[in-house]
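Participant: Have a look at the structure that comes next, please.
The values are calculated or read from the model by the stated rules, or taken from the named source; none is laboratory data. The structure presented is a predicted model; accordingly, all values stated were derived computationally and were not measured. Note that each Cβ is placed from the backbone with ideal geometry, even for glycine, and that neighbours are counted across all protein chains shown. Please note that ligands, DNA and RNA were not included when accessible areas were found on the heavy atoms of the full protein model with its side chains. Shrake-Rupley method; radii C 1.70, N 1.55, O 1.52, S 1.80 Å.
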Amino acid sequence: MTNPTATLDERYDPSAIEPAVQQRWRDEKVFEVREDPAREKFYCLSMFPYPSGRLHMGHVRNYTIGDVISRYQRMQGRNVLQPMGWDAFGLPAENAAIERGVPPAKWTRENIAYMRGQLQRLGFGYDWTREIATCDADYYRWEQWFFGQLLEKGLVYKKQATVNWDPIDQTVLANEQVIDGRGWRSGALVERRDIPQWFVRITAYADELLDDLDKLDEWPEPVKTMQRNWIGRSQGLQLRFPLIDHDGELEVYTTRPDTLLGVTCMAVSAEHPLAQLASAGNPALAAFCADCRMNSVAEAVVETAEKKGMPLGINVRHPLTGATIPVWAANFVLMGYGTGAVMSVPAHDQRDYEFAQAHGLPVRQVIAPAAGENCDLAAAAFTEYGVLINSGEFDGLTSAAAFDAIADRAEQQGFGSRKVQYRLRDWLVSRQRYWGCPIPVVYGEDGEPIAETADRLPVRLPDQVDFAGIGSPLKQMASFYETTLPGTATPARRETDTFDTFMESSWYAQRFCCADLQDGMLDQRANYWMPVDQYIGGIEHAVLHLLYARFFHKLLRDAGLVQSDEPFKRLLTQGMVCAETYFRRADTGKLTWYSPADVDVDTDDKGRVTGARLRADGQPVEVGGVEKMSKSKNNGVDPQHLIERYGADTVRLYTMAAAPPDQRLEWSDSAVEGAARFLRRVWRLAHDHLARGPVIAATIPADGPLGDLRRRIHETIAKVSDDVSRRYKFNTAIAAVMELFNALSSLDDTSPAGRSVLQEGLEVISLLLAPITPHIAEVMWAALRPGDKPVTEAGWPTVDETALTRTSIEVVVQVNGKKRAVLQLPVDADAATAQRLALADENVQRFTADGTVRKVVYVKGKLVNIVVG
RNA sequence: GCGGCUGUGGCGGAAUUGGUAGACGCGCUGGAUUUAGGUUCCAGUGGCCUGCGCCGUGGGGGUUCGAGUCCCUCCAGCCGCACCA
């Protein structure tokens, strides 16, 4: 395929060129790829969207970044896979069903169809033959199959776990559905309730997940730090305190055994068996424990709630001193984490300190601070390491030495043992919801779970459901849950819980490699494409999704389905898309938010914002600050309107130019206008150039304005290449192209030599812009290079080193660190010459005349600093 | 509460390895073209003085010939916290 001979229309009309260019990509299957061992592969993946209805600007940003990287890599000659699909299960589909009576499947399919159209209109180079929707049985059947494998290996298990329960709606609530302790629809006070749920044993891989972070040298350091903290590996001591007047002992875990002699209290969860035991004869305590259950299970809620407690009337014996220690129930200790009990050391733990202050418990100092450290136990706990005091035979030991001495003692005397503990908890994958992948398990008469056998998969989620009832419709559907045990006619009951949607998003990257595979989960193609070379998505996924996906990949590896250890080689976390907010406050205090599209902003003659008015009534509204685009603040910008008004290239250019990809992007209508203006200017320069007829090739001397311009062309290639491939700073890449364009457009030379340089410059701009604004780049390139390959097949431009040669350089002269002159020096000038010329400069002498030169610092080719005293 | 991040003109941002602060764009001011402009083009645009000077990167302190960049400390805002995706 070659470019036709063409000129450019006078006017840039994206609505005409973009569909035509996209049609060529479709007709020639430009982005459909296959494994090719002869070429270097590049797998570029953006986090697939939840089909919520319409694309939002966050999607546009995410997918433009991915497309820019993909197209750049294509131009580098790599075999590039860039697929797209749908994270199609989830809660919003159920909400739509409840609110509007639309079946979740229908709602989801319609959303997918609309959003697919939007993605195509934006010109993203996806291989659509690999499209996946996770709600397809062809997809989730393999997840069900794999769950069976994990069950066989003992990597999944069932146990009781606590959920948020809405007693009016009789349903389990997600944390985000609990607002101020109440259900978001019913308004009922939420209770904690324990129900049996499925877990995947991610803690069995905790060490590997932690250690392999060191291999991910192309991941952002903050993401790795967050994962390390999330896994939270700690070395500590599991201790047993014998109960007084009761049988048994109270087990706790501590990372600070050096503070063992400072224990003045034990705190247990309200759900702890000991608290339950003590509640039996103590109505006040029973009431307190019941009250503790009236709270969301969300960690942020638990940790920020007021610290409350009540004594159980039960004591334990200190294993070293024999002292009597009271046991308290406390609302900040969670049953689901560790042993559900902690030892309280008020002097050396801030939370314990506050708890002790609130309840009049003693504060016993056992760690003395090192010299120079602050320690005021009247004000706060001392939480640093130090030297032991008030600890009998352990006095004088450092915290580190005491850790070992006390651990040895505990192990000798049998009241404790060393233990590695993780903050990471096993992955709870059960959801009491309808719109998800059915958990492929049946229960016999005895209630024991049995995995579905492969021949009975998929366990299909029924499409026709009734949302009139309470909770998940599956629990009311006998036709779904009545079944038989595999391979028999014995009646059995099917599991009605579904999987956490993070399950589906944990292996879609691998499935994209062989999306059409009918008789297996993955095949050898996954090993050609995996790992993903570049993964792109929001920073909000830094821990959960990215940790689950890493874990799942290791599970797939250990099942022999993939060979690599990690799924994502390089990670880019993009920032949020934000916009200004506007509101009015009613007398009741209620805020009404207005869309930026409906508001006019007033400015003074310097452009400062002085206020804003609602266009509809001309009355003022308050400016609320820049926040993440959201429905609740009504500050979203619909990309669809922008695409219709400006075309895909302008939207893509703006989102890449406005901010670096990993920082937040602040929306600006007028800056979009600016992006459109730039493309019109580029188009017009190319049009005017081509209208002058064919270019006669000419040799350009390195000296002179045309040589300088050629140098700028090639400096721009070097700068943009580095920005796009290494730095991922598309905003500065675009700025560099704009600078080059400004230089080219001010060239007033229609001689053969001048036109030859302009031709080269315009070709380079077409190529450099091709990943970002592929439609205009394709049309311009075709007009500039008739008979050549289309821009999608053209290589990335290379730097002509001979064009870069300079004869002179600028050197800044400072006196005491302040700039006083700029010198033009020959490139090969030595330090002595630079220093001599700097000191000879007239303006420099004005500032050196009154003192003596004490020192001269010379940074080669850049700067001279003269220190005068 | 815990973990992570970010603070630079009127605004978005640039300054890549401690070396010219404010690239590029928006906005604004003035001018030109046009029947008209929400078009296009030209010039100016950190602040204070309007001289070649001084000040200036959230606040305060420090290291250095030199700090937006490194160290200490304080403040403000944002993201995540396990059933939103």
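Participant: About the Cα centre of chain A, what is the dipole size in debye to 20, counting +1 per Lys and Arg Cβ and -1 per Asp and Glu Cβ, all else neutral?
Facilitator: Working: 96 positive and 116 negative charges, 264 e Å.
Here the size comes out at about 1260 debye.
Participant: Right, something else. For chain A, what is the per residue volume of the convex hull drawn over the alpha-carbon atoms, in cubic angstrom?
Facilitator: Hull volume over Cα atoms, normalised by residue count, gives 260 Å³.
Participant: Shifting gears a bit: Straight-line reach from A:LYS862: which lysines have a Cα under 29 Å away, not including same-chain ones fewer than 8 places off?
Facilitator: A:LYS719, A:LYS729, A:LYS818, A:LYS819
Participant: Next question, about the same structure. What fraction, in whole percent, of alpha-carbon pairs in segment A:31-71 exceed 11 Å separation? Display every interim value, and only then the final one.
Facilitator: On the way: 586 of 820 pairs.
Tail of the P(r) past 11 Å holds 71 percent of the pairs.
Participant: Over all directions, the average projected area of the alpha-carbon convex hull for segment A:1-121 comes to how many nm²?
Facilitator: Hull-based average projected area comes out at 10.4 nm².
Participant: With both partners inside chain A, how many of the DSSP beta bridges are antiparallel, as a percent to the nearest 5?
Facilitator: 80 percent
Participant: Let me ask you something else. With only alpha-carbon pairs counted, each pair once and no self-pairs, how large is the Kirkwood hydrodynamic radius of segment A:623-694 in angstroms?
Facilitator: Here the Kirkwood hydrodynamic radius works out to 14.2 Å.
Participant: Further question on the same structure: Within 10 Å, count the other beta carbons around each residue, average over each peptide in A:723-735, A:784-796, A:61-73, and list them highest first.
Facilitator: With the highest mean Cβ count within 10 Å placed first, the list reads A:61-73, A:723-735, A:784-796.
Participant: On average, how much accessible surface per residue is there in segment A:662-723, in Å², for a 1.4 Å probe, leaving out ligands, DNA and RNA?
Facilitator: 52 Å²
Participant: Within segment A:532-613, what whole-number % of the accessible surface is contributed by carbon and sulfur, with the 1.4 Å probe and all protein chains included in the calculation? Numbers along the way, then the final one.
Facilitator: Working: 1690 of 3560 Å².
That share works out to 47 percent.
Participant: How large a share of the accessible area of segment A:633-769, in percent, is made up of carbon and sulfur atoms when the probe is 1.4 Å and the other protein chains stay in place? Kindly include the intermediate steps, with their values, before the conclusion.
Facilitator: Working: 2710 of 5690 Å².
Roughly 48 percent of what the probe reaches on segment A:633-769 is carbon or sulfur.
Participant: Taking the Cα centre of segment A:249-405 as origin and charging only Cβ (+1 Lys, Arg; -1 Asp, Glu), how large is the dipole, in debye to the nearest 20? Display every interim value, and only then the final one.
Facilitator: Numbers: 7 positive and 17 negative charges, 94 e Å.
That gives a dipole near 460 debye.
Participant: OK, next. Run the 1.4 Å probe and let me know the accessible area of A:CYS289, rounded to the nearest 10 Å².
Facilitator: 10 Å²
Participant: Show me, for segment A:733-740, the HN-Hα J-couplings you get by feeding each phi into the Karplus relation (A = 6.51, B = -1.76, C = 1.60, θ = phi - 60°), rounded to Hz, glycine and proline as x.
Facilitator: 4, 5, 4, 5, 5, 5, 4, 4
Participant: Right, next: Lys and Arg at +1, Asp and Glu at -1: add these up for the other residues within a Cβ distance under 14 Å of A:ALA93 and post the number.
Facilitator: Result for the neighbourhood of A:ALA93: -1.
Participant: Shifting gears a bit: Apply the Karplus parameterisation 6.51 cos²θ - 1.76 cosθ + 1.60, with θ equal to phi minus 60°, to every residue of segment A:345-353 and state each ³J(HN,Hα) to the nearest whole Hz, in sequence, with x for glycine and proline.
Facilitator: Working through the residues one at a time gives 10, x, 5, 10, 9, 5, 5, 5, 4 Hz.
Participant: Separate question: Identify, among A:GLY360, A:TYR385, A:GLN350, the residue whose Cα sits farthest towards the positive end of the charge dipole of segment A:348-394, taking +1 on the Cβ of Lys and Arg and -1 on the Cβ of Asp and Glu, with the dipole about the Cα centre.
Facilitator: A:GLY360
Participant: Taking a label point 7 Å from the Cα of A:GLU666 along the Cα→Cβ vector, which residues of segment A:610-645 have an amide N closer than 11 Å to it?
Facilitator: Inside the label zone: A:625-627.
Participant: If you roll a 1.4 Å probe over the heavy atoms of the protein chains, what accessible area per residue do you get for segment A:42-196, in Å²?
Facilitator: Result: 35 Å² per residue.
Participant: Something else about it: For chain A, what does -39500 (n - 2.57) per DSSP helix run (n ≥ 4), summed and divided by total residues, give at 222 nm, in deg cm²/dmol to the nearest 500?
Facilitator: It comes out at -10500 deg cm²/dmol, rounded to the nearest 500.
Participant: Give the carbon-plus-sulfur fraction of the accessible surface of segment A:363-498 in %, rounded to a whole number; probe 1.4 Å, heavy atoms of protein chains only.
Facilitator: 48 percent
Participant: Just to be sure I follow the rule: in segment A:544-688, considering lysines 8 or more places apart or on different chains, how many pairs have Cα atoms under 24 Å apart?
Facilitator: 4
Participant: If r is the Cβ-Cβ distance from A:ARG100 to A:THR588 and R0 is 30 Å, what FRET efficiency results, to the nearest 0.05?
Facilitator: Result of the calculation: an efficiency of 0.55.
Participant: Heavy-atom accessible area per residue, segment A:511-551, 1.4 Å probe: how many Å²?
Facilitator: Solvent-accessible surface per residue comes out at 30 Å².
Participant: Give me the angle, in degrees from 0 to 90, between the Cα long axis of helix A:399-413 and the longest principal axis of the Cα atoms of chain A, rounded to the nearest 10.
Facilitator: 40 degrees
Participant: Once amide H atoms are placed 1.01 Å from N in the peptide plane, what residues at a sequence separation of 5 or more from A:LEU173, or on another chain, have their amide H within under 5 Å of its amide H?
Facilitator: Under 5 Å from the amide H of A:LEU173 lie the amide H atoms of A:ASN164, A:TRP165, A:ASP166, each far enough along the sequence or on another chain.
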